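Please read the structure below before turning to the comments.
No lab work stands behind these numbers, since they all come straight from the coordinates. Computed from a predicted structure; not experimentally measured. Positions of Cβ are backbone-derived with ideal geometry, glycine not excepted, and every protein chain shown enters the neighbour counts.
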Amino acid sequence: MTALIAWGQGTLLASAVLMVLVLVLRRPARYLMGPRLAYLLWVLPALRLVLPPLPAVIWGRLPVGGVADMTVLFAGPQSDGVTGAASSGSVGLTLAAIWLTGALALLATYAVRHAWYCRSLLASAADYGRIDGIRIVTADVAGPLAFGVLRRCIAVPRDFNRDYTPAERALALAHERAHHARGDLLANWLSLVVLAAHWWNPIAWAAVGAFREDQEIAADAHVLGGRPRATQALYAHVLAKAAGVGALPACNFNARSNLKGRLLMIGQHSKSRRRLALGAVLLPLFGGAALAATAATSPATSGRQAVTIGVKPDGAGSYMLIVGAAAVAPGAPLPGGMVLPADFSAAGGCDLKAGARPHAMAIKGSGTTQTYTVMCGSTGPAPVRATLSEGMTSLQAMRASVASQPASAVFPEAERTHALGAIDRSIAEVRQSIATL
């Protein structure tokens with residue numbers, strides 16, 4: 001559960017980052033490759049929420065710059081609760097419950113409001129006709145409005161025939177039909193799901209407003225594509241005449257909030273084929289790079305945490321700890337909820353230059369206790385007795401560390417007894433070897 005919560009937090013953060021990225025790029029993209037392709041940028045935050053995490057082992061195999069030698073270390077079996085305190089897990093579950101409650105409440109509120117709005121609108125509506133299987137009704141609306149994913153409908157004002165010329169009526173209906181043809185009604189419901197996941201995030205609320213504006217501008221481009229320039233002036237007149245506010249996730253012909261932006265874009269809809277082709281190539285490349293850069297990761301499935309020590313090639317005698325492909329400083333969290341002790345340091349006298357091969361062992365403890373013993377090797381040959389003596393010192397330190405760990409569910413007595421027995425046998429063997437020299 002802790003790993004799931006951690007992945008959810010990372011995914012929400014990554015999708016929020018993509019929202020900010022789209023908010024920054026949407027207008028330049030609109031002028032570069034047209035409104036219809038720029039509108040597709042909003043797919044990125046939604047995809048980030050549903051794409052599965054990448055296994056951490058993939059990133060762990062990537063090369064790390066600035067490290068000459070790396071040795072894979074054992075850092076304990078994977079477990080959500082190896083060192084995570086019970087209080088931290090409780091806080092995480094509480095926050096997850098609050099988040100889920102808010103998300104469901106927002107979805108329910110909008111669903112009820114939209115159902116009530118559509119029901120009350122249709123209750124007093126009169127049939128106007130059908131186009132492409134879409135029911136058209138006259139109702140008490142300020143401007144043309146598209147709604148319904150399965151039962152597709154368009155509502156127009158009751159004085160539609162009186163207030164709009166035949167050419168204006170054709171353009172207004174073409175716009176609402178474009179919403180149905182492009183799947184914008186379904187996209188609006190999906191945007192509500194994304195908003196529900198980010199109900200606490202002001203960035204998401206701003207993003208949904210910008211998404212709806214881009215949706216309307218893209219529909220305008222859909223209608224005006226291939227039409228003569230004279231139609232643009234008439235279309236702008238229809239936009240200024242029709243103004244209304246619908247109930248999300250309906251698509252109304254002209255929301256008052258984005259009238260100015262849409263009027264400015266009318267003369268910019270036509271893009272050269274070269275620009276459109278360039279946009280069609282760059283958009284998936286950019287989208288793939290953005291999704292990869294914000295990809296969440298899941299723990300590797302090997303049952304071990306991949307931890308390495310890397311020696312800097314500058315020969316300065318310093319070192320760094322690498323988890324996956326990222327450097328980790330003392331005190332930073334490790335995979336599986338473990339924490340590297342702030343006092344983690346190399347043993348005295350270690351040769352940590354580029355040619356050295358340091359090794360390390362992590363001994364699992366109870367609660368938040370983790371013991372790391374670093375054993376460094378020399379680049380040059382050493383006397384056998386000195387090597388065995390160094391090994392004896394390390395084994396004794398290891399035994400003292402294991403013996404000091406209290407029995408617990410994480411480190412049961414049987415496991416500790418087994419480890420102590422193995423260490424004692426190794427100590428006896430080393431002593432015998434030293435005695436025979």
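Ordered by packing density, taken as the mean number of other Cβ atoms within 10 Å over each peptide's residues, highest first, how do 397-404, 225-232, 134-141 rank? Present the calculation step by step, with values, prior to reporting the outcome.
On the way: 397-404: 15.0, 225-232: 11.5, 134-141: 18.1.
The densest-packed peptide leads the list: 134-141, 397-404, 225-232.
With r defined as the distance between the Cβ atoms of Val149 and Val91 and R0 fixed at 45 Å, what FRET efficiency is calculated, to the nearest 0.05? Taking R0 as 45 Å, the efficiency between Val149 and Val91 is 0.70. Ordering Val24, Val194 from the fewest to the most neighbouring beta carbons within 10 Å gives Val24, Val194. The HN-Hα couplings worked out from phi for the stretch 134-146 by the Karplus form 6.51 cos²θ - 1.76 cosθ + 1.60 (θ = phi - 60°) are 9, 6, 10, 10, 9, 7, 7, 10, 6, x, x, 8, 9 Hz, whole numbers, x standing for Gly and Pro.
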